[in-house]
Amino acid sequence: MAGNVTPMMQIDGDPYVDHSLRTSMFFPATRLFVAGNPKAAGTMLRWWLLSAHGVDVGARTAESWWGESAPFQTVWDPGVDLDFAWGDLSDSQREDALTSTDLLTVHPVRHPVSRLFSAWSGKYLIGEPHYTERLAAEFHPLPETIGSEGQISELFERFVADLHQVVEAGDFAAVDVHFWPQHRLLGRPASGDVLELRQETMREGLDTIAQHLLAHELDPGEPLRINETVVPYRAELVSDAALKLTCELYTADFARWGYALERPSSSSRTVNVDWVNDVRGRNRRYGVLHRALMQLRHENDSLRGEIGHLRGREHELLDSTSWKVTGPLRWVSDKTKR
């Protein structure tokens, strides 16, 4: 389907669309724009497309400073300078991506229930260091260890209740972007054709993208399965209470993409509680290193900023009229001292 041209100034100030753009990618040669929507198989999709366009993503992200413990999850680290990422595009390329009518715009979307569960379990339940300190005080802390699948269900229900309370008191902007509504993240009308890439029918959508790439004389290759979650989505882990609150939180998402107000079908994988606790323990230990590295990174950035400021002052001084006028006096003084 086609949308209307949206000038860039119309998106300024919308934190949801702005975040989607920051995690978007644009491939000018193949006229492909992929909008950002967290927890909708975006990392896998972009890894595939970057590889198809000649980027060695694994090599680029191997030494990432990002806060997540698996290299394949560092595709958004701004320090790895991935080609075609929104932050690396020129102004003219961004304008092209936002206003051209000959693009295929891809909107990755996912059932709100499995998306919310996966965002919570894949970031917070397993204790990813980058996320463990990002929840507001209203959220209950997790226990030291997980005892059973039933406990995971109870913890998720409690989390959804906390999320509902925080959003009801304020807005989604008060919580992690992984929980933001998809219809708001993908709220910018596209100027060309739009492919709604649903995770539930991912293969069909990927085939459509592959045909688009082939039409632009690029061999897409085969997508890789790179993101194996520790806790797969299971319908039985979502209680009736959690389902009800999720439907209330994401009513517009259900309506926008025609999802049924019910639990989607389960993953074929089962939950390994021992593995969950093992990963949680490793993430706690990794978190110590992560925080130290982040502190060093902030200090390094601060020192670089100070050095840049001092160099700027030095250049201003050397270019000033007073410095040039007093040049002969400094020369005489230097000779006298010698």
**Request:** Pop out the ³J(HN,Hα) list for the range 232-246 in order, Karplus 6.51 cos²θ - 1.76 cosθ + 1.60 with θ = phi - 60°, rounded to Hz; leave Gly and Pro as x.
**Result:** x, 5, 10, 4, 6, 7, 9, 6, 4, 5, 5, 5, 4, 5, 4
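For the range 85-235, what relative contact order do you get, as a whole percent, if you take Cα pairs closer than 8 Å and at least 6 residues apart?
On the way: 103 pairs, mean separation 59.9, N = 151.
With pairs under 8 Å counted, the relative contact order is 40 percent.
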**Cut-off under 5 Å, modelled amide H: who pairs with LEU197 long-range** = HIS107, VAL109
**Fill in**
The farthest towards the positive end of the charge dipole of the range 218-280, of the residues VAL230, ALA241, LEU218, given +1 on Cβ of Lys and Arg and -1 on Cβ of Asp and Glu, is ALA241
**Item:** Charge dipole of the range 295-338 about the Cα centre (unit charges at C-beta), most positive-ward option of HIS315, LEU296, TRP331
**Value:** TRP331
**Prompt:** Under 24 Å Cα-Cα from LYS335, which lysines qualify once same-chain neighbours fewer than 8 residues away are excluded?
**Reply:** LYS324
**Prompt:** About its Cα centre, what dipole magnitude does the chain give when the only charges are +1 on Lys and Arg Cβ and -1 on Asp and Glu Cβ, stated in debye to the nearest 20?
**Reply:** 1060
**Message:** Counting other beta carbons within 10 Å of each residue's own, what order do ARG291, ARG110, ARG256 fall into, fewest first?
**Reply:** ARG291, ARG256, ARG110
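Give me the percent relative contact order of the chain, please, defined on Cα pairs under 8 angstrom at least 6 residues apart. Kindly include the intermediate steps, with their values, before the conclusion.
Numbers: 427 pairs, mean separation 84.4, N = 338.
Relative CO of the chain lands at 25 percent.
For each of MET294, MET25, count neighbouring Cβ atoms within 10 Å of the residue's Cβ, then give the residues from fewest to most.
MET294, MET25
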**Message:** I'd like the Karplus ³J(HN,Hα) series for the range 152-169: coefficients 6.51, -1.76, 1.60, θ = phi - 60°, whole numbers in Hz, and an x wherever there's a Gly or Pro.
**Reply:** 4, 4, 5, 5, 5, 4, 5, 4, 4, 5, 5, 4, 4, 5, 5, 5, 5, 7
**Item:** Loop trypsin sites (Lys or Arg not before Pro), the range 119-170 (other Cβ atoms within 10 Å of the site Cβ: 16 or fewer; DSSP)
**Value:** ARG134
**ASP240 paired with GLU299, simple spin-label distance in nm, labels 7 Å along Cα-to-beta-carbon** = 5.6
**Request:** Working from Cα positions, state the angle (0 to 90°, nearest 10) between the long axis of helix 202-215 and the longest principal axis of the chain.
**Result:** 50
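Values quoted throughout were computed directly from the atomic coordinates according to the rules given, and no laboratory measurement underlies them. Please read all numbers here as calculations on a predicted model, not as lab measurements. Virtual Cβ from ideal backbone geometry, glycine too; neighbours counted across all protein chains shown.
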